[in-house]
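Engineer: Right, I'll just put the structure down here and ask away after.
The values are calculated or read from the model by the stated rules, or taken from the named source; none is laboratory data. Just so you know, these numbers come straight off a predicted model, no measurement behind them. Because the Cβ atoms are built from the backbone with ideal geometry, glycine has one as well, and the counts that use them run over all protein chains shown. Quick note on the areas: whole protein, heavy atoms, side chains included, nothing else; ligands and nucleic acids left out. Shrake-Rupley method; radii C 1.70, N 1.55, O 1.52, S 1.80 Å.
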Amino acid sequence: MNPCYVGRFAPSPTGPLHIGSLLTAVASYLDAKAHQGQWLVRMEDLDPPREQPGAADAILNTLQHYGLHWDGDVLFQSQQHGRYETTVQQLLADNNAFYCTCSRTQILAASGSTTYPGTCRACHQPPATPFAVRLQVQNKDVSFEDDLQGPQRCNLQQQGGDFVIKRKEGLYAYHLAVVLDDALQGITHVVRGSDLLESTFSHWYLQEVLHLAHPHYAHLPVIVNGEGQKLSKQTYAEPIPRQDPGPYLRYCLQALGQTPPATLRGAAKATILEWGCEHWRLQQVPHQRSIPQQKL
Ligand code: GLU
Ligand code: ZN
């Protein structure tokens, strides 16, 4: 086992796996296994109103059915609230975060956009009305090198502004949980969809504030439908079937720019995945933000 590589797949249980999420699972799995690394699965069940009963189990069963066996135990974010709260309190105590009672309408009126204009930055006592907690960001560029999408740069204060780490409803924000759990699990390589490329600036920034190591990031092209929309529950993406996983695995290899030979047609899932690990070249994955869905 290579101790310098720990990867992960981190689905949200908002619905069953579709071909877009399978692609991310396969790419992160192959990149980890090709480096003799570990591949962990984390269930990002942070937002109960958006979740579908049974989806977490369905996702895990589908991964097993496709031969994507993870290392160690699955980490459920719903069981990590204590750790998230400790960090929120620490960030508040250090004045890196503040309480915010602004509504979306107020933010829009104040800044003319969804970028938070810093209205409540001086608010360091819990207000009587429902509040969010925001991380204060500085007026400077955050930059990192994405292993697939190349150099990235963004000024968070101008694009989005101070971001929410705990929501008004009391839910912990994805940005906070993902950074803390990637650190807790010792993740060294994040391979995920390019719909999360912009989120990475917030993650990078938070890692700096919390003195955490930055993992490597590679953002994959996402599969889009005929209208150019990312496949998701909202765009009625079909769940991947529980039948023969072979054709779907080969489809993923192809979409990821790998070139599975014709002899893999009809092969067992383990054989296809073994071929994938042996021949995996991350740099052959299209360096694009999206790719159109092809017929299987
Ligand atoms: N849970 C997120 C999603 O399903 C992915 C998080 C991540 O990979 O960082 O979109
Ligand atoms: Zn505010």
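Engineer: Quick check on this structure: which one of Leu264, Leu282 is more than 12 Å from Val26 (Cβ to Cβ) and touching an Asp or Glu at 6+ places or on another chain (Cβ under 8 Å)?
Structural biologist: Residue meeting the stated conditions: Leu282.
Engineer: Can you give me the number of residues within the stretch 111-132 that are closer than 20 Å to Leu91 by Cα, open to solvent by 50 Å² or more (accessible area, probe 1.4 Å) and within 13 Å of ligand 2 (Cβ to nearest atom)?
Structural biologist: Selection size over the stretch 111-132: 7.
Engineer: Do the conditions hold for Leu135, that is, is it open to solvent by less than 40 Å² (accessible area, probe 1.4 Å), within 16 Å of ligand 2 (Cβ to nearest atom) and in contact (Cβ under 8 Å) with a residue 12 or more places away in the chain?
Structural biologist: Against the criterion (open to solvent by less than 40 Å² (accessible area, probe 1.4 Å), within 16 Å of ligand 2 (Cβ to nearest atom) and in contact (Cβ under 8 Å) with a residue 12 or more places away in the chain), Leu135 qualifies.
Engineer: Give the number of residues within the stretch 111-130 that are modelled with pLDDT of 95 or more, of a type in the set (Gly, Ala, Ser) and more than 14 Å from Gln157 (Cα to Cα).
Structural biologist: Residues that pass the stated criteria total 2.
Engineer: Being surrounded by fewer than 20 Cβ atoms within 10 Å (Cβ to Cβ) and touching a strand residue (DSSP E or B) at 6+ places or on another chain (Cβ under 6 Å) is true for just one of Asp147, Asp94, Asp162. Which residue is that? Let's see the steps before the verdict.
Structural biologist: Details: Asp94 fails: touching a strand residue (DSSP E or B) at 6+ places or on another chain (Cβ under 6 Å); Asp162 fails: surrounded by fewer than 20 Cβ atoms within 10 Å (Cβ to Cβ).
It is Asp147.
Engineer: Any residue in the stretch 29-45 that is touching a residue at least 40 places away in the same chain (Cβ under 8 Å), under 21 Å from Ala177 (Cβ atoms) and part of a loop (DSSP other than H, G, I, E, B)?
Structural biologist: yes
Engineer: Filter the stretch 165-220 for residues that are β-branched (Val, Ile, Thr) and either more than 22 Å from Glu51 (Cβ to Cβ) or within 13 Å of ligand 1 (Cβ to nearest atom) (or both) and give the result.
Structural biologist: Step one: list which residues in the stretch 165-220 are β-branched (Val, Ile, Thr), which gives 165, 178-179, 187-188, 190-191, 200, 209.
Scanning the stretch 165-220 gives Val178, Val179, Ile187, Thr188, Val190, Val191, Thr200, Val209.
Engineer: Give the residues of the stretch 61-73 that are open to solvent by 30 Å² or more (accessible area, probe 1.4 Å) and in contact with a helix residue (DSSP H, G or I) (Cβ under 8 Å, 6 or more places away or on another chain), sorted by residue number.
Structural biologist: Answer for the stretch 61-73, where residues must be open to solvent by 30 Å² or more (accessible area, probe 1.4 Å) and in contact with a helix residue (DSSP H, G or I) (Cβ under 8 Å, 6 or more places away or on another chain): His69, Trp70.
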